[in-house]
Every structure is written in structure tokens, then in C-alpha cells.
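Structure first, then comments.
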Amino acid sequence: MNVKKLILSCMFIVISLTISMPCFAQETDVETSQPDSTTYGDNVGMNLNYTSLIGVVKDEKQAPVANLRIEIEVAPDRELRSGMSLTNEALGAAVNALKATHGRGVFASAVSNENGEYKFKGILVPGVYYLYVRNAANYFPTKMLVAVDPSVKKEFQVPVLNVTTREAPVKVISDKAMKEMDKSRKLVASNDLNGAIKSIQKVIEMEPDYAEAYYNLALLFMDIKKPEDAIKALEKTVQFEKEHELALKTLGELYFFKKDYEKAYSAFSLYLPIREKLGTFTPEEVKIYFQTGNCLKALKRNDEATTYFDKYISIKQKVGQLDQKDALICNDLGSAYYAKKEMNKVIGFYNQAIQLDPAINPETFMYLGNAYLAIRDGLNALKNYNKFLELAPKSQFAPQVKTMVDKLKTMYPDTSK
């Protein structure tokens, strides 16, 4: 069977992942161990080809960036298998060929020219690759995933690799240390976590103020269930790079789970303004507002907590969808603003809580009725008071609410009972 007929026709799938990193400019020939097409391709009716990846690096103002090193490596198995539109048989052959040809870890680099352009030659097709910008004095680390379809021939124009400028330059790490970092990544890929830890510790000996080494060390300590060691490594990370976004987030989460709410809040309060500058949040990142609010609530700083819970609901509505679990937060926000007599917010949050969970505490309807009454909306006040009485006729508040209902009925005689 000719597998080519079964291959979906998409030229390139390029997924940009927003993290920022450095790049190279001249043409770079990739040294490859040529795979045996009989072993990897012919037996499943698939031809293996080589292409050149051509790209350009630009900053946030879309200006070309010169003299940046870009590195390339084969993507991990999960991305390999999800990023190539092949039959299972052909997919296995392609994965084996990529590993035999390019191996694991960074296998080539290029430097951008004055126009921000770079080129990699001798890249195996089909394949899925990561392009990295790392260890740049003036730019944050960045990576981009590129999936190369079998139909690609001699050259492919990679979409723009966008990097973000640092507010202040950071130290560039020695080649020797970077090679040791690459070694640690290979050890992680082979599941030798203890070996990877020792490798990164060597990097720190060579570069004792290299923030990224401490951050990677922290992640490894978390993998082997050593949270205290991870915290120490993260503290070192932010000591040497005060606005290390991911380190601050992870540090806050670890302190939060330790119930050290003061330190958790300190880390989160530094993380969130940095993250806000970068733009849109993922649903996972939005949870940090919720955790920050909980920190402040535990510290008895309820007014400040309300601000973070409010942002959590507001941003989550924009990036995802509120669910039933958010009903209690909306209800609490309604109560918090009720105490502040901010009735429009009370009404908004209580109504949101009821919409998310119609079986919510009946008193929510009573307080919502009070809020409507405060803004002289008697009809909606009456509606919510009646709902409260329907759901909680024996409540201690029922007599007072019934008295208010009777008064409102005299003002709105045409309302149904």
C-alpha cells in the first residue's frame, strides 16, 4: 500500500509558544547521520527527504533582530506523534528516522543576520522540531514548535519568531555551561533525573548567578518530590532574575501548598503584574488570582482579597467559562460588596452566582432583593424576596421578608403572587 495516499495534505503546522529566548544568522548545514531509507521509509512506502528551514527573528516592535543564536532540536515524542499527519505505521518509521538522524537535544544552531534572517539546511522531512532562542543578554527565552509535513520539498519559510526585549540585560552564559545544560536536558529525556540534577549543579558551579539553571534545578527537585529543595532553588532564581515569571509563579504555588500565605502572596503579587504585561491569560494562569485572594483571606486582609477574587471572575469570563464551582466565589463577592454598599456590584455577582448554581443558599435571593430595594427597583426586589420565601419558608428571616413583600405588593398591586 502506498502510504503517501493516506497522508493528509497540510504543508506546515506551526505553533508559537509564548516564552521568550537568542538566535543565529548565516546558513547552517546540519550534520546528519543519513537514515537507511530501507529501514525507515521504503518498507512503509514513505520517502525521506531533507529541507531547509528559512526564518526571521523580530522583536515586539516587529523590527529585525540581528546576531541572535537560534537552536533546533527534535520535539519530544508527544509532539512528534501529534504533530505529523501520518498513519500509525508511517508515524513510527518517521519517529525512528528523526531519532537516528538528529538525535535528542540541540543538534544545530544558526545566527541571525542584520535583517534578522537565519537558515537551517539538511532538516529531515517529515518531522516536528523546536526552535529556541536562549541565553540572550537582551531578550527573554523563546521557543517555537514547527511541524514539517511530508509534502515539503527544498525549502520552507518558517513564520516569524518573535522575541521580547528585557528591561535590563542579563549575563550571557559560557558555551561550556550551555553544553552542560544541554546534557542535563538529555538526561531528563532519558529519565535520569538524579543525573540531570548533578549536571545542572555543575552548571551552577560554573555560573553561580545563572537564574535559569536554578529554575531548572527547582523543577527537577519537584519531580523527585523534594519541595523544600525546590523552594531554595526558586529563591535563588528570583535573586538573580527578579522578574523570572515562571519562578515567581511556581514559588508562590509551593508556599501556598505549605500554607505559608505571607510568602505565597509575596511571590504572587510580584508575578501577576509581570504576567499582565504579557497579555492574555490561560485558564490555568487565571487561578493565581484566586490563590492570591485566598492568601489574603487567610491573612485576614479581606478587602484586598476581594479585589483579587473580583479579577479572577472578570478575567476567567474573558479567557474561558465560569462553572458551578465559581458560584460560591461570586456569592462571596456579592456579600463583600454588600458590606461596602456597592449595590450594582452586589446585584451583578449575586445574579451570576444564581445563574451558575440555581440551588445556591436561599439567602442569596434575600440579599439580592435587599440590593434591588436599595436602588429602588421594587419589582426585582419583590421577585427575589418571593423566591427566598419559596425556598426557605421557615428561615429566621422569613417573617421580616414577608412583611417587606406585603408592603411591596401594595406598591405594585398588579404583580402576580
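With the alpha-carbon atoms of the chain aligned to their principal axes, the span from lowest to highest coordinate is 90, 55, 41 Å, starting with the largest. The ellipsoid that matches the Cα gyration tensor of the range 50-166 has semi-axes, each √(5λ) in whole angstrom, of 27, 14, 12, with the longest given first. Note on Thr410, Thr282: ascending count of other Cβ atoms within 10 Å places them as Thr410, Thr282, the fewest first.
With a ≥ b ≥ c the root eigenvalues of the C-alpha gyration tensor of the range 203-278, is it rounded (a/c under 1.5), prolate (a/b larger than b/c) or oblate? Oblate shape, in that a/c is at least 1.5 and b/c is the bigger or equal ratio. A helix-only calculation puts the chain at -16500 deg cm²/dmol for mean residue ellipticity at 222 nm, using -39500 (n - 2.57) for each DSSP H run of at least four residues, averaged over all residues. Taking all Cα pairs closer than 8 Å and separated by 6 or more residues, the relative contact order of the range 324-411 comes to 22 percent.
By the beta-carbon count within 10 Å of each Cβ, the least crowded to most crowded order of Arg275, Arg376, Arg185, fewest first, is Arg376, Arg185, Arg275.
Restrict the search to the range 96-127; then list the trypsin sites (Lys or Arg not before Pro) that DSSP places in a loop and that have at most 11 other Cβ atoms within 10 Å of their Cβ. Answer by residue number: there is no such site. Sequence-ordered 3J(HN,Hα) estimates for the range 303-317 from the Karplus curve with 6.51, -1.76 and 1.60 and θ = phi - 60° stand at 4, 5, 4, 4, 4, 6, 5, 4, 5, 4, 5, 4, 6, 5, 4 Hz, glycine and proline given as x. Please work out whether the range 324-411 counts as rounded, prolate or oblate from its C-alpha gyration tensor, where a ≥ b ≥ c are the square roots of the eigenvalues and a/c under 1.5 means rounded, while otherwise a/b larger than b/c means prolate and anything else oblate? Oblate, since a/c reaches 1.5 and b/c is not below a/b. Taking a straight Cα-Cα cut-off under 30 Å and skipping sequence neighbours fewer than 8 places away in the same chain, the lysines within cross-link reach of Lys387 are Lys311, Lys316, Lys325, Lys340, Lys341, Lys345, Lys402, Lys407, Lys409, Lys417.
The 3J(HN,Hα) values that the Karplus relation (6.51, -1.76, 1.60; θ = phi - 60°) gives for the range 125-137 are, in residue order, 10, x, x, 10, 10, 9, 9, 10, 10, 9, 6, 9, 4 Hz. Gly and Pro appear as x. Pairs of lysine residues in the range 239-287 that meet both criteria, 8 or more places apart or on different chains and Cα atoms under 18 Å apart, total 11. In terms of other Cβ atoms within 10 Å, Lys340, Lys300 run from fewest to most in the order Lys300, Lys340. Rounded to the nearest whole Hz, the Karplus-based 3J(HN,Hα) values (6.51 cos²θ - 1.76 cosθ + 1.60, θ = phi - 60°) of the range 338-348 follow the sequence 5, 5, 8, 6, 9, 5, 5, 5, 4, 4, x, with x at glycine and proline.
FYI, it's all coordinate maths here, none of it is from the lab. Computed from a predicted model, the values in this text were never measured in an experiment. Here the Cβ is made from the backbone with ideal geometry for all residues, glycine too, and neighbour counts use every protein chain on show.
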